[in-house]
Structures are given as C-alpha cells and as structure tokens.
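> One structure, as structure tokens, below. Some questions next.
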Amino acid sequence: MGTDRRTLFLLLRLAAQNVGRRRLRTLFLGMAVMISVGVGFSGFVIGWALRDGVLTTFSRMGADLVVVPYGTLVNITSTLLTVQPTDQELELALGEKLRTIPGVGKVAAQRIVRAEAEGRAINLIAYDPATDFTVQPWLSESQRLAAADGALVGERVQIKPGEVLNICGRAMVIAARLGKTGVGPFDESYFVSFSDLDALIAAWRKMSLAAGVAVSSTPAASAPFVDPLAAIATHRHAGAAGATNCLADLAPDRVSAFLIQLSPGASPEQVKFAIGQIPGIKVVTGNAVFTASRQSLGSLFWGVAIFAGLLLLALLFLVSLLFSAIVQERYREVGLLRAMGARPAQVVSIILIEAGLITGLGGLFGLGFGLSLMFVFARSLGFYFASIGVPFAWPPDWAMWLAAFVSAAVAASIGVIGAFIPAWRARRLEPYVMIQTESAR
C-alpha cells in the first residue's frame, strides 16, 4: 500500500514538473481552456437566467388559437388572452380531447362570468393555475406564489394588492395586480381559480337559501355585503324583477373558452382544421408572427447547445494535437524511463496527469472568468432586459454549483481524453527505438 502511494506521488511530481517545463505553451493551452470553460459556464447560467424571462415574454403574446362556442365574440387584438363574457359555454371535458390533437402543446381553460363586487358589476375570469399560460406570465415569481391564496386584478382595476374585496358576499384578498396587457377586457377583469369560483357560487347559494331567496340567472345591480339577509335584501331592493342572484345559476364543469398554444413546428392551419371538425365551436387564430417566433425559440436553444458542443470538440482536437507534439518531443525521455523500469501504464499515467492538470487548472480559472462575464452582463444587458420588462433572475444556488462542477470536470476530462491517443501510441513503442530518435513513429 505504501509503495503504491509513493509511486502515485512520484507520478504526480513528474507530471507537475513537466507542466512547468514549457511555461509559455502551458499558459496558452490553459488560456484556451479558460476561455472555453468561462464562455460555456457563463453562457449556461445567463441562458438559464434569461430562459424564464424569454418564455414569459413569449407567453405574454397570448394563445395561438382560441376555441369558443360558435356564437361567442372574441376580442381580436394582437394577443389572444381572453374572450368576451357570454352565456354560451363548452364542456370542460373537451379540453382533454383537444390535448390529443396533433400539434396542440398546451390547453388552458377559462370561464368568464358576470358578478358583483361591493355593488359594482365586474367581469370574473376563472382559470386553472396548473395549465394557465396567459394570466400568470403577467406576474412576477413572488406574485405567483401569493396568487394561490387570493384573487388577481387587471391593471386598470382601482384596488390595491393586500386589500379585501367582497365578491358576491365572500371576502377575498387581492393577492396581486397583473401587468398592463393593452387588452381592455383583460385589464379590467378580476381573476380567480376555478376552485375559488366554485366556492363563490356555493357561498352565494348558501346565502340565498338562508334568506329564502330563489336562485335566478339574472345578476343583481348592487349588493352592499353585510350579512346574508342584508345582502339578499339589498339585491331584492335593487332588482325590480324580484329574486336575483350575484352569480348566475352556473352549471358545473363548464368553460367559456380554451386557449391553445401550439407545439414547436406545428402548423396553425392544420391544427385549426383538425379542431374545426368538432361541432358547435369556433376557432380563432392569433398573430402568426408571434406564433412563429415562439415556435422558433426551441430551435434557438438547440443552436446554442450545438455551438457549445462544437466549441468543446474543437478544444478536444486542440489538446490532442498539442499533446501529440509534446509526446513526440519527449520520446527520448520516455524511452529512458521505460529502460529504467517504468511500466507502460505508468508512462501513460504521467502524460494523462499532466494533461489533466493543465486543463483542470484552466477550467478553475475559467470559472472565475465566467463569473466576471456574468457580472458584466448583469451590469449591462441585464439592466436593459429589466427595463423593457423581460424578467432576469439568476438560477438557484444548486444549479450554479452543479454548473461549476460540471464545467471543471469537463475541462479536466478534455485534457485526459485528448492526451490519451498520443500517450497510448507512445506506450506501444520499444524503449530503444524511442531513445535512438526524438521523432520515432
């Protein structure tokens, strides 16, 4: 055991001495590795930081297609975010059928109903947080976490986050305000989850039954919510037709529209034709430029990954070529080591350790170089992206440490792999041949 340790220490010492023999060459190789690792490491981290921002920005462009009942009006703008309130609705189960159509990537259901909030008629939009891609992108990450416990309001709604609002007799906390979309019905609406909408309907029905008021399908004009009897009495007073209801007698498992985001490479015309075979619906197409831009995002990411792979491959060839010259330069030295009793495997180990030391140290310095690139990016383009509304947040700590470890490991591995073939070729030569010439093959 002690002999093995001494042998390993001797191999490490010889490899370290070889690293310092040609300092300029070692420096240039280390700098090549440093630049490659720094660019790769910073590119991964910056790409991660911008990924959510870019995806959020593309999600804010709205849906590619909207499926609505045949007689429903759709707010035709540059972004398809919602539809106009309507009494016509679709079965919620239709969403599963839409997801099976080739080319359909995401399907988000919405239900738009008329309701009351402290005497004011409002548009209430119910959505599913698990599948939504048009409402939550207008929130920051912290706001999305808070949105799970309250209602959301559009940009034009005159109420502040944190305030309590009575919607149809039920108090709800305003969790957050959405950003400005430029779509009028969207900016002026209130947003709750489907489960919260069901709770609102159940609460109002309970109040109606407690007050002895029949549930009708006509919304009331006003309702100063104090208690169930006062609320129902106010609705009676305000509604000349008799018994009224804040929320209509809504059937369960119904939606007003399905918003669809296409898969990468899918043709909007083909998907629209396939969906159009379903009776009783209308399909509205979004902005073709936005759809094409979103679909090309995946190709852009693949292009960046391929570029990084080619950069590492070029570095591997560089290391292999350089160590081919280094090994040929040291044929006489290697032959003497072999003649003195060094085993072929030990000679190969010396060369591989030397390559691993150079590229490994270059990788460690590359991490520092990458951090400096990230700092420059955050102080320049990062501020610019934030100013135009593109979110920019660094990856979590575990992702940063993992990227750093992988980058350093890849750098050391490139050195070992690149030097393996020259070292193996030297292993197969006889010692006397290597001693006689410095350029034996």
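Read-outs throughout are calculated quantities, based only on the coordinates presented, and are distinct from any laboratory measurement. Everything quoted here is computed from the prediction, not taken from an experiment. Quick reminder, even Gly has a Cβ in these numbers, built from the backbone with ideal geometry, and neighbours come from all protein chains shown.
> For the pair residue 16 and residue 339, how long in nm is the line joining their label points, each one 7 Å along Cα→Cβ?
Result: 2.9 nm between the two label points.
> Which order do the peptides 305-318, 256-269 come out in when sorted by mean C-beta neighbours inside 10 angstrom, highest first?
On the way: 305-318: 13.8, 256-269: 19.6.
Descending mean neighbour count gives 256-269, 305-318.
> Counting Lys and Arg as +1 and Asp and Glu as -1, what is the net charge of the other residues whose Cβ lies under 12 Å from the Cβ of residue 322?
On the way: positive: 22, 25; negative: 329, 354.
Taking every Cβ under 12 Å from that of residue 322, the sum is 0.
> Do any GluC sites (Glu not before Pro) in region 115-195 lie in a DSSP loop with no more than 16 other beta carbon atoms within 10 Å, and if so, which?
Values: sites: 116, 118, 141, 155, 163, 188; in loops: 118, 155, 163, 188.
Passing sites in region 115-195 are 118, 155, 163, 188.
> Between residue 393 and residue 205, take the C-beta separation as r, use R0 = 56 Å, and let me know the FRET efficiency to the nearest 0.05.
Details: r = 43 Å, r/R0 = 0.77.
With R0 = 56 Å, the Cβ-Cβ based efficiency is 0.85.
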